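*Asks:* One structure coming up, written as structure tokens, with questions to follow.
The values are calculated or read from the model by the stated rules, or taken from the named source; none is laboratory data. This structure is a prediction, so every number in the text was calculated from the model and none was measured. For neighbour counting, all protein chains shown are included, and Cβ atoms are generated from backbone atoms with ideal geometry for every residue, glycine included. Ligands, DNA and RNA are excluded from the accessible area calculation, which covers all protein heavy atoms including side chains. Shrake-Rupley method; radii C 1.70, N 1.55, O 1.52, S 1.80 Å.
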Amino acid sequence: MRASSISNTEAAILGLLRLGERSGYDLSKMVRGSVGYFWSPAQSQIYSILPRLVEAGFAVRRGVRQARRPDKHVYRITKRGEAALDAWLNDPETERAAAKNPFLLKLFLGEFMSREAVVAHIKRARAEAAAELAELEQIQPDTTGAHPYDGLVLEWGLVRARAFIRWANGAVREIEAKAQPLKRH
């Protein structure tokens, strides 16, 4: 593994390790409360990447004995891992996010569903966006300066969730206002 060839998920894990030593479980929890809003690797993916990062010299692992729980391994980023992360961060090329959105695919094929089913899909997605918005609104941006760009990422999430809710409200109104039935093929 070369510094310039780390994956986005490896970069995310190295970035979280740069914040401090963590176990795989700690990383999974941290993902859910931070980058998980926009980068969500499966827990199994985190656990499979950690040994590769150690093998490549980007992280080190040490065992920790615990009195009331099973022993665990914690990981820490190395200087080589920091260099790999820095190379990834400073690379101006950002691969385009894969556009795999089952909701939009179903909406695109909505003419093959009943109007009620289409509206139900939009309302369900709107409810999910509203729940995410409520979560995001509870997050307090860092004011210490330790993480200066967290507020920008939070603002992006808030704007995106609010925009989706606005779009969904308009889409439901438009569909419900149409008098003619949707065509069937």
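*Asks:* Using beta carbons and a limit of 6 Å, which pairs, at least six apart or on different chains, have the first residue in segment 114-131 and free of Cβ contacts under 8 Å to residues at least 60 places away in the same chain and the second one surrounded by 13 or more Cβ atoms within 10 Å (Cβ to Cβ) and of a type in the set (D, E, K, R)?
*Replies:* Partner pairs satisfying both residue conditions: His121/Lys106.
*Asks:* Please pick out the residue among Ala67, Ala56 that is more than 20 Å from Ser28 (Cβ to Cβ), within 25 Å of the chain's Cα centre (by Cα) and of a type in the set (A, V, I, L, M).
*Replies:* Within the list Ala67, Ala56, the selection yields Ala56.
Yes or no, residue by residue, for (1) open to solvent by 30 Å² or more (accessible area, probe 1.4 Å); (2) on the phi < 0 side of the Ramachandran plot; (3) at pLDDT 90 or above; (4) charged (D, E, K, R):
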| position | (1), (2), (3), (4) |
| --- | --- |
| Arg18 | yes, yes, yes, yes |
| Pro41 | no, yes, no, no |
| Gly81 | no, yes, yes, no |
| Ala97 | yes, yes, no, no |
| Ala120 | yes, yes, yes, no |
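*Asks:* Evaluate the following for Ile165: is it open to solvent by less than 40 Å² (accessible area, probe 1.4 Å), part of a helix (DSSP H, G or I) and closer than 23 Å to Trp39 by Cβ?
*Replies:* Taking the combined requirement at face value, the residue satisfies it.
*Asks:* Another question, if that's okay. Name the single residue, out of those in segment 131-167 being aliphatic (A, V, I, L, M) and over 17 Å from the mean Cα position of the chain (by Cα), that is nearest to Lys106 (Cα to Cα).
*Replies:* The residue in question is Ile165.
*Asks:* Do any helices (runs of 4 or more DSSP H) entirely within segment 1-93 hold 2 or more residues that are over 30 Å from Leu133 (Cβ atoms) and among the aliphatic types (A, V, I, L, M), and if so, which?
*Replies:* 43-55, 79-90
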